[in-house]
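To start, the structure itself, in structure tokens.
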Amino acid sequence: MSDSRRANFGSKIGIILASAGSAVGLGNIWRFPCQVGENGGAAFILVYLCCIVLLGIPVMVSEFLIGRRSHANTGSAYEVLSPGTQWKWIGIFGVISSFLILSYYAVVAGWTLEYMIASAAGMFSKNQDFTLFFNNFVSDPVKPVMYMVIFMLLTHFIIVKGVKDGIEKFSKVMMPLLLLIICVLVVCSFSMPGSIEGLRFLLKPDFSKVTSKVILDAMGQAFFSMSIGMGCLCTYASYFTKDANLFKTAGSVALIDTLVAVMAGFIIFPAVFSVPGLSANAGPGLVFVTLPNVFQLAFHSVPWLGYLFSLMFYILLVLAALTSTISLHEVTTAFLHEKFNMSRRKAACCMTAICIFLGTFCALSFGMLGSWKLFGMTIFDLFDFVTAKLFLPLCGMFIAIFTGWYLDKKIVRDEVTNGGRLHIGFYGLFIFLLKFVAPICIGSIFINELLK
Ligand code: PFF
């Protein structure tokens, strides 16, 4: 496709909000608090922050510069920058990861739709067993599939509108709304009695819990949460304007993403600790089982608070998930559109159909297909494991090696300084992190885990 026909984001704020939209998602509000709960609170958060600064930001800037320099989708970007080499596999794995992730991510996103609708209908005013409600819902043969399909269609609708009129416009409205909802929810949570215990849990580090598994979890979470390694950011960066400051953009995205994750902790833990008998260590059920109990209690003591709290919380989840699913969708849509010269609409239809097909298996793996296991994992767990624990760190490592060792440093410097117009004082540190720290850290944590 000729460059003149390629879309661009229209403004710097659009660039930051679209990239932050990709980063902020279920990973921040659903996955992060689960991991904090399971891995001992603040100690995990500290390890996580180190992963963001030492590994996440440098790899994110690398993805940005690869995307903007090549002016191509992820699947073709490495071929443009290093024709005829095997580096192209990083991009191809990025494309594969993006639709594998989207297939199971849309299932959980579908659950949030069901919970949003149920809370709007006053689910929390009734006395019910939420463990049973959740188990019945996810094992139902129809409902989770139906909600997954609806979610995929919503994503599809935004994608076919294009980069500027779809992705950018949507992100510019949704991201500020999302941040506003988070602030309201933090206030709701802090107003619950006994919330201080939750804060203590979140802020008191327990370093005895930091094992190599916890470090791998923190790294996988950092990569997943920042959308690194799958080509979303590389694809978005191919729509960046020449004057976008890549370091500033990466820093802003990392900051927004981390803030949202920590604020989600501030919403969830004070609320959970306000109800005696509930555990913060509930894993994935935290948001779908534990919190409904909190909302119910809040509803019975102050009905409007319970209603507002629950409804806004699930609206938040839906919006956060949607800004991320569109970025995952865009990776393959752009790849098919440009590589095979398909129209954007046709490319998007193919991607939607593939993900609905794979997503159906993922959605049913909590019920009908629960006994279909490979290496002891259901299809849903397998997709999560292969992408979040294997592909993301590995692609992240190879992206660091590609930029740190292989790519001509003239190109790297030219991109991060916008042709010499920006002064980047820590350029040397950036290259050092990419050359040594990122590959060694990611590689050794990874091997250590695999050998166990
Ligand atoms: N970063 C998103 C989240 O935290 O939910 C998930 C995600 C989106 C992962 C896009 C990967 C990606 F390429």
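Summary table below
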{"quantity": "Among Asn39, Ser19, Ser365 - extreme Cα towards positive end, dipole of the chain, charges at beta-carbon", "calculated": "Ser19"}
{"quantity": "All Cα pairs of the stretch 202-255, percent lying beyond 13 Å", "calculated": "71"}
{"quantity": "Size descriptor, Kirkwood hydrodynamic radius, that averages inverse alpha-carbon separations across the stretch 183-228, Å", "calculated": "13.1"}
{"quantity": "Ratio Rg/Rh, restricted to the stretch 45-107 and using Cα atoms, in which Rh is the Kirkwood radius", "calculated": "1.07"}
{"quantity": "Segment Leu46-Val142, extension gain: residue separation times 0.36 nm, minus the distance between their alpha carbons", "calculated": "30.4 nm"}
{"quantity": "Against the rule of thumb 2.2 N^0.38 Å, how large the Cα Rg of the chain comes out", "calculated": "0.95"}
{"quantity": "Ranked by how many other beta carbons lie within 10 Å on average, peptides 161-170, 52-61 from highest", "calculated": "52-61, 161-170"}
{"quantity": "Percentage relative contact order, the chain, counting C-alpha pairs under 8 Å, at least six apart", "calculated": "33"}
{"quantity": "Spatially proximal lysines relative to Lys346 (Cα-Cα < 16 Å; intrachain offsets below 8 disregarded)", "calculated": "Lys161"}
{"quantity": "Mean projected area (nm²) of the alpha-carbon convex hull when the stretch 98-191 is viewed from all directions", "calculated": "8.1"}
{"quantity": "Theoretical gain in end-to-end length, His300 to Ile440 [0.36 nm per residue, Cα-Cα removed]", "calculated": "45.1 nm"}
{"quantity": "Amide N proximity, the stretch 184-214 versus Ile447 label position 7 Å along Cα-to-Cβ, cut-off under 14 Å", "calculated": "none"}
{"quantity": "P(r), alpha carbons of the stretch 299-443 - 10 Å bins starting at zero, rounded %", "calculated": "9, 19, 26, 27, 14, 5, 0"}
{"quantity": "Label-to-label distance, nm, for residues given as Phe375 and Lys248 (7 Å Cα→Cβ offset)", "calculated": "4.3"}
{"quantity": "Pairwise FRET efficiency - Arg6 versus Thr417, Cβ, R0 = 22 Å, nearest 0.05", "calculated": "0.45"}
{"quantity": "Thr74, Thr112, Thr290 arranged by Cβ crowding within 10 Å, fewest neighbours leading", "calculated": "Thr290, Thr112, Thr74"}
{"quantity": "Radius of gyration, Dmax [the stretch 357-413; alpha carbons; angstrom]", "calculated": "17.7, 55"}
{"quantity": "Kirkwood-Stokes translational diffusion coefficient of the stretch 342-389, alpha-carbon pairs, 37 °C, 0.692 mPa s, µm²/s", "calculated": "277"}
{"quantity": "Virtual spin-label span in nm between Gln86 and Phe426, 7 Å along Cα→Cβ", "calculated": "3.4"}
{"quantity": "Cβ-Cβ FRET estimate between Thr131 and Leu153, R0 fixed at 30 Å, reported to 0.05", "calculated": "0.50"}
{"quantity": "Principal axes of the stretch 284-365: Cα extent on each, largest first, Å", "calculated": "59, 26, 15"}
{"quantity": "Selection from Thr112, Ser171, Gly198, by position along the positive dipole direction of the stretch 82-202 (Cβ)", "calculated": "Ser171"}
{"quantity": "Spatial separation of Cα centroids for the stretch 225-297 and the stretch 374-452, in angstrom", "calculated": "21"}
{"quantity": "Fraction of the pair-distance distribution of the stretch 231-333 above 20 Å, Cα-Cα pairs, percent", "calculated": "54"}
{"quantity": "Residue-by-residue Karplus 3J(HN,Hα) for the stretch 254-267, coefficients 6.51, -1.76, 1.60, Hz, glycine and proline x", "calculated": "4, 5, 4, 5, 5, 4, 5, 5, 5, 5, 4, x, 5, 7"}
{"quantity": "Contour excess over end-to-end distance, with Cα ends at Leu390 and Ala120 and 0.36 nm allotted per residue", "calculated": "93.4 nm"}
{"quantity": "Cα-only radius of gyration and Dmax that characterise the stretch 5-150, units Å", "calculated": "20.0, 63"}
{"quantity": "Cα-derived Rg to Rh of the stretch 1-74, Kirkwood definition", "calculated": "1.10"}
{"quantity": "Projected area, mean over directions - the stretch 147-237, Cα convex hull, nm²", "calculated": "9.3"}
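Each reported figure results from applying straightforward, stated rules to the coordinates on display, with no laboratory input. Predicted model only: the values in this text are computed from it and were never measured. Every residue, glycine among them, receives a Cβ derived from its backbone with ideal geometry; neighbour counts consider all protein chains shown.
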